[in-house]
Amino acid sequence: MLKATLTKPLSLLFKTSVATGALVGASALLLYTFQDKLLYYPSIPNRLPKTNEVGFRHPGEVNLDYDNVYLKTPDGLQLHGWFIKTKENYETAPTIVVFQGRAGNIGHRVPFLAALEKYCKSNLFIIGYRGYSYSEGKPSEKGIKSDSVTTLDYIFSRKDIDVNKIFVLGSSMGGAVTVYGVTKSSHPVRGVILENTFTSISDMVNAVYPKLANVKNYLLVHKWESIKHIHKIKAPICFISGLDDQLIPPLHTKNLFDASTAAAWKQIVEIENGTHNETWSLGEEKYFSGLKEFMDRCLTEYKPAVPETVKVEEKL
């Protein structure tokens, strides 16, 4: 009787364990095999901005004055971006370099760019990473990191803008691109803005695939370890956090804030109902007033030190 009583639950436990193990194994295989496609998603549903709906194809559709810009990467690829001139005195205005998140093309950012120009009275430069929008190549961590440095080299080379007023803004994965670019570039920026970004891909696995926590180090090809490098940023940092972000836990912003120990100063703008992609639109007034106040303070109180010699870019 006792044997019969124990056999059924033990059998069920065994089957459950096997099923759980199979699920974890399948998840691990999926993560390892399709890592690029899971992280980099340039087509929603199409890669090219010209295929977007009206209002999302180019900045001219929202009455922004813009130029197409083409950059050459060290490995010979052509990147495409837009340089948007603010409506008044663009030569003396601040310029914000915008690094987008992992999904979609630069056309999907046109409404945000219009609002950014309106509230901050700044020039804007947004680049399509390799494999995104009209840019050549295939996305990878190594490649996009190189693209970030190429982008900053370009914007600081322009003769028609005030290069002492360069800010860099990155949202989601673009925050990791920003941290890398700012810490590796030889050019000193006036301020850094990080919106709804993560500490590392490893920490994101803990949040999204917790069952893979014990094996993730054997699986991850892409690292994006901002948490290990943000302490190198000396410029002021403004963190913007949507507290209703269902993709990247707001705790990541708090951890990055704590780790940014060298920043001249730092602040967090929290948008209570802000979601991952709509923080700026759901909390528009607070979002942009906080951003504008941060930029104004940077322009009046912070003057970055100009390096005596140009640093050689470190190995990616």
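Quick note: the coordinates plus some simple rules give every number you see, no bench work behind them. Note that the structure is predicted; figures quoted are calculated from it, not measured. Note: ideal-geometry Cβ built from the backbone for every residue, glycine included; neighbour counts use all protein chains shown.
Estimate the FRET efficiency between Glu136 and Tyr218 by the formula 1/(1 + (r/R0)^6), using the beta-carbon distance for r and 41 Å for R0, to the nearest 0.05.
Details: r = 32 Å, r/R0 = 0.78.
Once the sixth-power term is evaluated, E becomes 0.80.
Where does the charge balance sit around Leu39 when Lys and Arg score +1, Asp and Glu -1, over other residues with C-beta under 10 Å from its C-beta? Present the calculation step by step, with values, prior to reporting the outcome.
Details: positive: Lys37, Arg102; negative: Asp36, Glu141.
Local net charge: 0.
In nm, to one decimal, how far is the Lys292 label point from the Ala207 one, both placed 7 Å along Cα→Cβ?
Between Lys292 and Ala207, the simple spin-label model gives 3.0 nm.
Hey, got the Cα dimensions of region 115-261 along the principal axes, in Å, largest first?
Principal extents (largest minus smallest coordinate, Cα): 52, 33, 28 Å.
Just to confirm the filter: which GluC sites (Glu not before Pro) across region 76-121 are DSSP coil and have at most 15 other Cβ within 10 angstrom of their Cβ?
Counting only loop positions with at most 15 other Cβ atoms within 10 Å, the GluC sites (Glu not before Pro) in region 76-121 are Glu88, Glu91.
Quick one: length gained pulling Lys303 to Arg158 fully straight, 0.36 nm per residue minus the C-alpha distance?
Details: separation 145, 0.36 × 145 = 52.20 nm, distance 1.96 nm.
Once the chain is fully extended between Lys303 and Arg158, it gains 50.2 nm.
Please turn the phi angles of region 216-232 into ³J(HN,Hα) values with the Karplus equation 6.51 cos²θ - 1.76 cosθ + 1.60 (θ = phi - 60°), one per residue in order, whole Hz, x for glycine and proline.
Those phi angles translate into 4, 5, 8, 10, 6, 8, 9, 10, 6, 8, 4, 4, 8, 10, 5, 5, 7 Hz.
Here is the link list: Lys121/Lys266; Lys223/Lys286; Lys216/Lys254; Lys50/Lys232; Lys145/Lys266; Lys145/Lys286. Which ones come out longer than 27 Å on Cα distance?
Going by Cα-Cα distance, Lys223/Lys286; Lys50/Lys232; Lys145/Lys286 fall outside the 27 Å limit.
When only alpha-carbon atoms are used, what values of Rg and Dmax, in angstrom, describe region 198-246?
Over region 198-246's Cα set, Rg and Dmax evaluate to 13.3, 38 Å.
Given that just one value was derived from the coordinates, which of [x] 48; [y] 66; [z] 42 is percent of Cα pairs over 26 Å apart?
[x]
Which chymotrypsin sites (Phe, Trp or Tyr not before Pro) does region 241-301 hold that lie in a coil by DSSP with at most 16 other beta carbons within 10 Å?
Within region 241-301, the qualifying chymotrypsin sites (Phe, Trp or Tyr not before Pro) (loop, at most 16 other Cβ atoms within 10 Å) are Trp265.
Note the full-extension length gain between Asp67 and Thr92 as 0.36 nm times their separation in residues minus their Cα-Cα distance, in nm to one decimal. All intermediate terms of the calculation are to be shown ahead of the outcome.
Numbers: separation 25, 0.36 × 25 = 9.00 nm, distance 1.78 nm.
The Asp67-Thr92 span can extend by a further 7.2 nm.
Return the loop-located GluC sites (Glu not before Pro) in region 233-299 (DSSP other than H, G, I, E, B) with at most 13 other Cβ atoms within 10 Å of their own Cβ; answer none if there are none.
Numbers: sites: Glu270, Glu272, Glu278, Glu284, Glu285, Glu293; in loops: Glu272, Glu278.
For GluC sites (Glu not before Pro) across region 233-299 that sit outside H, G, I, E and B with at most 13 neighbouring Cβ atoms in 10 Å, the list reads Glu272.
Give me Tyr90, Tyr70 sorted ascending by neighbouring Cβ count inside 10 Å, so fewest comes first.
Values: Tyr90 19, Tyr70 11.
Least to most surrounded, the residues fall as Tyr70, Tyr90.
Which order do peptides 192-199, 239-246, 138-145 fall in by mean Cβ count within 10 Å, highest first? Please list the in-between numbers first.
Working: 192-199: 26.8, 239-246: 20.1, 138-145: 18.1.
Ranked by mean Cβ neighbours within 10 Å, highest first: 192-199, 239-246, 138-145.
When DSSP assigns beta bridges and you keep just the ones with both residues in the chain, what percent turn out antiparallel, to the nearest 5? All intermediate terms of the calculation are to be shown ahead of the outcome.
Working: 12 of 37 bridges.
The antiparallel proportion sits near 30 percent.
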